[in-house]
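Reading through the structure tokens given below for one structure.
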Amino acid sequence: MKDRGARYRYMNPAMRELLALPDDFVISGCSDCDIPHPIARYASVMWEGEQRLYGQGENISVLVLLPFGRKNRIQPYIFDSIPHYDEKGDLCGALCYARPCRFFSTLQCVDGEIPRTANIITAYGMFSDRELDIVFFILYGLSSKDIGRRLGISHRTVENKLQGIYQKTGVTSSRQFKQYCRSVGAERNIPARLLALGCWPIHN
């Protein structure tokens, strides 16, 4: 719970754990800039814009992609903020809660699948870092030329890497490879080094 002055009044244990706050950290009365978590760099800037929307009676949702938890693990979360008004109808604060972001593609909609959380990974057993990058883009249907442009390498290098990936997984085609990834849950993997960290408002 945050008041009009952008100061926190209360934070439940789950949110404290998510932000990896020390056990002796006093929440009541602290501002965004007092919180020892990267989200504080963005929260104080967004608060001014939030107040304008709150004044119109609107809720606010923000996609946050930052390290969370005691293990400092990068994970996408949706932070929803609900304005709170006093008995006179004036804005006096906001209630905020976080939930893991679940991804949903148009293809999943056609296939009748449900949204799922992503696995943000820094390593994955049999694959090198470069192979992980290529695997991610292959699963999203990019061509070797498109992948090469994104990664700053030649399409021939991509194709050579891809052949090595096929050999490691015992497949001979992209269709078989996608089936393999689905069978082991690897289609939800996102290489952490491809991510842009930060916070982005979600507009309805």
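No lab work stands behind these numbers, since they all come straight from the coordinates. Not measured: the values here are computed from a predicted model. With ideal geometry, Cβ positions are generated from the backbone for all residues, glycine too; neighbour counts draw on all protein chains shown.
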Practice prompt. Report the full-extension gain for the segment residue 106 to residue 26: residue separation times 0.36 nm, less the Cα-Cα distance, to one decimal in nm.
Written response: 24.4 nm
Worksheet, complete the sentence: If amide H atoms are modeled at 1.01 Å from N in the peptide plane, then the residues at a separation of 5 or more from residue 117, or on another chain, having amide H under 5 Å from its own are 103
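Where in the chain lies the longest segment free of trypsin sites (Lys or Arg not before Pro) that are both loop residues by DSSP (not H, G, I, E, B) and have at most 16 other Cβ atoms within 10 Å?
On the way: sites that count: 4, 9, 70, 71, 88.
The longest uninterrupted stretch comes out as 89-204.
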Item to complete: Can you list which of the GluC sites (Glu not before Pro) found in segment 113-198 are DSSP loop residues with at most 14 other C-beta atoms within 10 Å?
Response: 113
Response to the item:
Between residue 128 and residue 12, Cβ-based FRET efficiency (R0 41 Å, step 0.05) works out to 0.50
Discussion item. Student exercise: in the chain, how many lysine pairs 8 or more apart or on different chains have Cα atoms under 24 Å apart?
Written reply: 6
